[in-house]
């Protein structure tokens, strides 16, 4: 097919509005340094990066000033000393952030890498503050600089979390996406496309597939096919894609290497799939054998001490949360009771560790006959596989909507955690009626305790794909660690914050619409 014919055919196909293939963007996307992969126009990408740097600077100013106040430096120093110390903290902090590569996508995509590099940048900031004290005679002691750096680190992590949550939210709504083409028509390419379409928050907008048409047709990818591998460079150039993900399986070695070099020469971001699934990136080590790049895969590491630490963490945090949240739980109980005079709590049998059954506790968010009505709503199920979910479930009460959107309905599960039936972090506790449909592989999720929150809950809770549910649960079981649990807790806070902001925004828009209609009618 000639390129002009291909261009017309592809644009025509995309204009039909297929569910899988988004609209091709016409603008150029040659952005190389932004805190997440971004396919926006240079002006938009530049504003995103500027906003990130500005947020870092403000976070450093707030963190260092708060640290100076907590350590006593603020009250014991003159105004010019405080001003110089704050200015040094901002300038040196932004420099350290850049030196650690925290404006590059590859360092910000993995949360553990980002937090580690923020900690290193904070240490660099501490060294610079002590040097500045020697030069400008600020009277800044080591312990005061240390407090300022620690507080700045916390504020930076919080800011970066907020930025990440906002960016994920706008990407789910189709903004700031990188137009991406997948190369390869094997099973791995099909899996990559499903992964990127399922997780739009990654910021990659799949335009189509380049590879063998016959193989693509066999894997139900005919509607995604854009051409063969030999035409990849021309196809990428014509489509305006700024990112390419290559599955090397089935591509001749010489062509594979030439393809990478040609695409990089054109300024395209190149990602190479490993073919590995369910293995955490931290278990991979890049090594060279005879100057050939290889990956060494470390085995998963589990030990008794981590299990003890996890249980201790569950007990301490759940008890503390119950103490702090008791006034909120009381208000929730009153609201549920006043809504329809029904029971406050809802308990349901779930499958726990090693297949043992237990009763999970929640604030009731549905009508009292909800379980009897579920069979009548099966046809409206929005989930694939054995799971059931409806966006607009008629059984949910008015108070229930608020409790669900804020995740307050799950607070009583803290009692399940204290009883040792659940953990704060783990796979979603499944219903017995769901488990009977699980494969033996997926039943391995029962090797760990179910959790109030988990990897699937924070990454794909609203995703209808059962494959995402299966993949994320199995990933957690195989790669569990205390570090992963802490990252999931941070991601849960982000997730709840975004949902609350979205909920407030929707309510504001609903209230604004009648007011706008009233003004319009008055003007008419």
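Each value in this text was obtained by applying a stated rule to the coordinates, not by laboratory testing. Computed from a prediction, not measured in an experiment: that's the story for all the values here. Positions of Cβ are backbone-derived with ideal geometry, glycine not excepted, and every protein chain shown enters the neighbour counts.
Here are the numbers for this structure:
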| quantity | calculated |
| --- | --- |
| Global form of the stretch 177-275, assessed from the alpha-carbon gyration tensor, a/c cut-off 1.5 | rounded |
| Length-normalised contact order of the stretch 57-185 in % [C-alpha pairs under 8 Å, at least 6 apart] | 36 |
| Gyration tensor over alpha-carbon atoms, the stretch 65-154, equivalent ellipsoid semi-axes in Å | 26, 12, 9 |
| Global geometry of the stretch 355-480, whether rounded, prolate or oblate, following the gyration tensor of its Cα atoms and the 1.5 cut on a/c | oblate |
| Neighbour-count ranking [beta-carbon atoms within 10 angstrom, fewest first] of 441, 233, 114 | 441, 233, 114 |
| Order of 368, 65 under a 10 Å beta carbon neighbour criterion, fewest first | 368, 65 |
| Ranked packing of 187-194, 53-60, most packed first, by mean Cβ within 10 Å | 187-194, 53-60 |
| Beta bridges per DSSP with both ends in the stretch 223-304, % antiparallel, nearest 5 | 60 |
| Likely footprinting exposure, 332, 149, fewest C-beta neighbours within 10 Å first | 332, 149 |
